[in-house]
Every structure is written in C-alpha cells, then in structure tokens.
Amino acid sequence: MVKDAYPILAGVGATALLLVGLGWLYAPLWVLGGIGLGAAVFVAYFFRDPDREAPQDDGLVVSPADGRVVVVEGMASGGGTLVSIFLSVFDVHVNRAPVAGKIESIEYRRGRFLVATKRRASVENEQNILTFSSPAGPVVCKQIAGLIARRIVCWVKQGAEVSRGERFGLIKFGSRVDLLLPAGVEVTVRLGEKVKGGESIIGRIKS
C-alpha cells in the first residue's frame with residue numbers, strides 16, 4: 001500500500017471505529033460504523049501497490065498504468081502514436097515509467113474533471129505531463145484526473161534518471177493516462193486490451 005493512503009485510511013478507520021463504539025449507546029450507529037469499516041477496506045484495496053517485474057529488453061516500451069486501452073491512433077504532428085489507458089476505481093493506480101531514461105520535463109496543468117473516458121479529457125482535464133528521454137525520441141506520459149480523481153501525485157523530479165517500470169506517481173480514484181509515443185516506436189497494444197503498469201508491452205523501439 002502506498003504511503004499516500006495512510007492519512008485517508010487513518011481518518012476513515014478512526015471514524016468507523018468511533019461509530020462502532022457509539023453503537024453501544026445508539027444502535028443505528030452500528031450500521032454507519034459497518035459502512036465506514038467497509039470504506040476503510042476499500043481504501044486499503046484501492047491504494048495497493050503490487051510488485052511488478054518489467055521486461056528487460058532495452059527496446060521495449062511498457063504500460064505506465066493498469067487499465068483498459070481506449071485509444072490507439074496516429075497523431076497528426078510528428079507521425080507518432082497516442083495510446084490512452086482508462087483506469088477504473090478497481091485498477092491499481094500507481095503509475096510507472098514506460099521507458100528507462102531521464103525525465104526531461106514535468107509540467108502540471110490545471111483543468112476540468114470530465115469523465116476520463118471522454119476524448120476531451122486528454123486536453124481539458126487537470127493533468128501532469130512528464131517527458132522521458134528514449135533512443136527513439138521523447139516519450140510523453142500524461143497523468144490525467146477524472147470525474148472522481150481530484151488529486152494527482154508525482155514522486156519524481158525533473159532531471160531524475162528512472163528505470164523502465166519504476167514507480168513515479170499515482171492518480172487517486174479513477175483516471176486516465178495518455179502515452180504519446182514518437183514515430184520511432186512500433187505500437188503493439190490493441191484497442192480494448194487490458195494492461196498492467198510496468199509489465200505489459202505497449203510498443204517496441206524500431207532498430
């Protein structure tokens with residue numbers, strides 16, 4: 001479980017236990033306490049952080065997130081490809097580096113909180129944009145907040161060197177991650193495919 005869950009879990013858990021305790025005085029509070037305990041269990045489940053083993057081939061690009069691929073299409077400028085992944089509240093929300101390399105830039109943009117499956121969310125929603133260096137050129141990864149997700153977390157700094165599949169942040173409670181791949185990457189993932197962050201292969205750098 002990621003450390004960002006501890007304050008939320010502590011607050012929800014403490015409230016639930018208080019309601020359970022007060023249930024001895026006023027029975028209906030038992031129900032609220034039970035709901036609160038259920039919410040605490042969900043918080044612990046949501047913020048789970050399983051270990052992942054990234055494939056070792058230097059020419060691979062891996063998924064930055066768990067979820068379902070909702071967009072795979074060429075971009076008008078530069079001849080690259082956009083791959084969008086939708087994360088439901090039941091997916092692991094820890095984000096991982098798609099390639100090994102230097103983080104050239106990090107840019108946070110304020111925005112709206114449209115449903116993350118909508119195409120407009122890629123442009124209009126609140127987002128954090130990381131640009132990774134790679135042999136094929138810049139690989140851009142966008143952490144995009146959704147309707148429920150109102151908090152984007154980034155654990156790395158500009159200039160940091162990261163390994164493929166390394167954790168770099170998370171988005172809380174339902175979101176979207178966009179991956180903008182340069183023309184030098186051959187995309188192998190399909191529309192509708194379920195992927196795992198740090199493990200599933202998104203594409204291969206052309207030799």
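Can you find a residue that is touching a residue at least 12 places away in the same chain (Cβ under 8 Å), surrounded by 14 or more Cβ atoms within 10 Å (Cβ to Cβ) and either within 13 Å of the chain's Cα centre (by Cα) or not assigned by TED's automatic domain parsing to the domain that holds Ala145 (or both) anywhere in region 21-33? Yes. Taking region 34-47 as the range and being part of a helix (DSSP H, G or I) and under 28 Å from the mean Cα position of the chain (by Cα) as the test, the residues that pass are Ile35, Gly36, Leu37, Gly38, Ala39, Ala40, Val41, Phe42, Val43, Ala44, Tyr45, Phe46.
Within region 70-90, the presence of a residue that is farther than 14 Å from Ile202 by Cα, touching a residue at least 12 places away in the same chain (Cβ under 8 Å), in a loop (DSSP other than H, G, I, E, B) and touching an Asp or Glu at 6+ places or on another chain (Cβ under 7 Å) is excluded. Selection of region 58-88 for residues being of a type in the set (Gly, Ala, Ser), touching a Leu at 6+ places or on another chain (Cβ under 7 Å) and either farther than 16 Å from Gly192 by Cα or outside the structural domain of Gly184 (by TED's automatic domain parsing) (or both) yields only Gly80.
Among residues of region 48-69 being within 21 Å of Gln143 (Cα to Cα) and without any contact (Cβ under 8 Å) to a residue 60 or more places away in the chain, the one that is farthest from the chain's Cα centre (by Cα) is Asp51.
Out of Glu107, Glu53, report the one residue that is outside any loop (DSSP other than H, G, I, E, B) and modelled with pLDDT of 85 or more. It would help to see each step written out before you state the result.
On the way: Glu53 fails: outside any loop (DSSP other than H, G, I, E, B).
Of Glu107, Glu53, the one residue that is outside any loop (DSSP other than H, G, I, E, B) and modelled with pLDDT of 85 or more is Glu107.
When restricted to residues that are of a type in the set (S, T, N, Q) and in contact with a helix residue (DSSP H, G or I) (Cβ under 9 Å, 6 or more places away or on another chain), region 67-103 contains 1. If you go through region 91-109 and keep only what is within 17 Å of Arg151 (Cβ to Cβ) and in contact (Cβ under 8 Å) with a residue 40 or more places away in the chain, you end up with Val92, His93, Val94, Asn95, Ile106, Tyr108.
The values are calculated or read from the model by the stated rules, or taken from the named source; none is laboratory data. Remember, predicted model here, so these are calculated numbers, not experimental data. Don't worry about glycine lacking a Cβ; one is built from the backbone with ideal geometry, like all the others, and counts go over all protein chains shown.
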